[in-house]
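Report on the structure given below.
What follows is calculated from the coordinates using simple rules that are stated; it is not laboratory data. Everything numeric in this text was worked out from a predicted model, so none of it was measured. Note that we place each Cβ from the backbone using ideal geometry, even for glycine, and neighbour counts take in every protein chain shown.
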Amino acid sequence: MIISQRILVMVILCFSGGIIFMLPFLREVYYQPMQAAFGHDNTEMGILMSVFGTFSLLAYFPGGWLADRFSPRRLITIGLTVTGLAGFYFSTFPAYEVSIVIHAFWGASISLVFWGAMIKATRNWGSTTDQGKSFGILESGRGVAEIVSSTAFLAVFTWLGSSDYALSTVILLFSGTNIGLAVAAWLVMDDGARKNKAEPAADSEQQDQIRLSDITRVLKMPMVWLISLVVMTAYSAYWGTFYFTPYASDVFLMSAAMGGAVGVGKMWLKPIAALVVGFVGDRLGIARTILFLFIVMTLSFFGFSVLPGGVEMIVPMLLNVAIASIAIFGIRGVYFALLEEGGIPIAFTGIATGIVSVVGFTPDIFMPLLGGVLLDTYPGAEGYSYLYLAISGFGLIGSVAIWSIMIRAPEAKKDPQRDGDLEIA
């Protein structure tokens, strides 16, 4: 019974962690249908995403603090519920000003309420020795949830004639799924923390003792900032994968349909890479595995920057896309497992996650700008060359950061209070 409940908890984390983001990121699949139904131009669509990203970044830090004050079960249930309720209203195609408010609200409901709780629940789910497996399964499962839900609801959209009514139905389906997952989370999850004889549990009494002054203490931990740098550079490379589709069409003269197939194809590598790297990381060490993947990723993007275009180079390009995607998805699958390897006390997982997320996900702000400026200033292959060269530079920075974590990790894990003189109040 315990094993069955444990499996159900991870299934809920995977599906909720993947599907809750589908409402604000609906434009990735339904961009033109959304424009037709809502009457938004490209600038207005971009503003909606910027509003969501801005409120998300503002919410990550206080959301981490909340995750250390309240049980993941409560926060995950609330986050899924209110996100779904806002989606029900969004399905009515409200005025643009209301859509802006809804996207701002989603930024808060996901990043303030849900995100930190999901990370903490995942860390609690695994023991101190299998954090790579825990986060690898989470990222792999999130990828599967995205693919399955997107494919199924796209089929419904097509079956209903790709109309405004069909789009409204899809939004309702995603919203209802969030509500259903909220009910499942409340029924299946419990309010307890990790049960590990070798490590005191971060029970509710201990969580209540966490004070605002502890935020300052966590901010003083060098390990937290090194992990933040690893996430930021890896996430910058993840943004680089968004350009694989236009890169294939603009530089290698592939059709729009074939270029789109490149983008979809890399999505299928996500669950496989994250899961495999999670298990490998637990055997070889999380930091050591990430360092290897960073080196592969850096060399891969440098390869993009020097690879000549043309149809005769399509095969090398596709091979490099696969290599880069596997490395990036693998890193994304386990980089939050560095919290354990870096000796961050589990009682402060939420605070640390908030700090890491605020810094680590800033590419949502600067990477679209960097890519747009470079591709507009240097049209064609030259712009992509500069963009991917910049990303390979981020890879070098990330490699140095993860190397520093490898040096610090043994002492930090032996004595978590060493970094920043941290102690539980």
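Observations on the structure shown:
- Cα gyration tensor, segment 82-174 - rounded (a/c under 1.5), prolate or oblate: oblate
- For the chain, the number of Lys pairs separated by eight or more positions or lying on different chains, with C-alpha atoms closer than 22 Å, is 19.
- Figure legend: label point modelled 7 angstrom from the Cα of Leu299 along Cα→Cβ; no residues of segment 265-286 have amide N under 17 Å from it.
- Global form of the chain, assessed from the alpha-carbon gyration tensor, a/c cut-off 1.5: oblate
- Distance between the 7 Å Cα→Cβ label points at Ile314 and Trp268: 1.7 nm.
- Value of [θ]222 nm, deg cm²/dmol, for the chain, DSSP H segments ≥ 4, -39500 (n - 2.57) each, nearest 500: -26000 deg cm²/dmol
- Cα→Cβ-extended label distance, 7 Å offset, between Arg69 and Thr92, nm: 3.2 nm
- Available extension along the chain between Val183 and Thr43 is 46.7 nm, counting 0.36 nm per residue and deducting the alpha carbon span.
- Residue order, fewest to most surrounding Cβ atoms within 10 angstrom, among Ile76, Ile171: Ile171, Ile76
- Gained length - Ile7 relative to Asp376, 0.36 nm times residue gap less alpha-carbon distance: 128.0 nm
- Gln32-Leu219 FRET efficiency (beta carbon distance; Förster radius 35 Å; 0.05 resolution): 0.20
- Label-point separation, Met406 to Ser127 (7 Å along Cα→Cβ), nm: 2.6 nm
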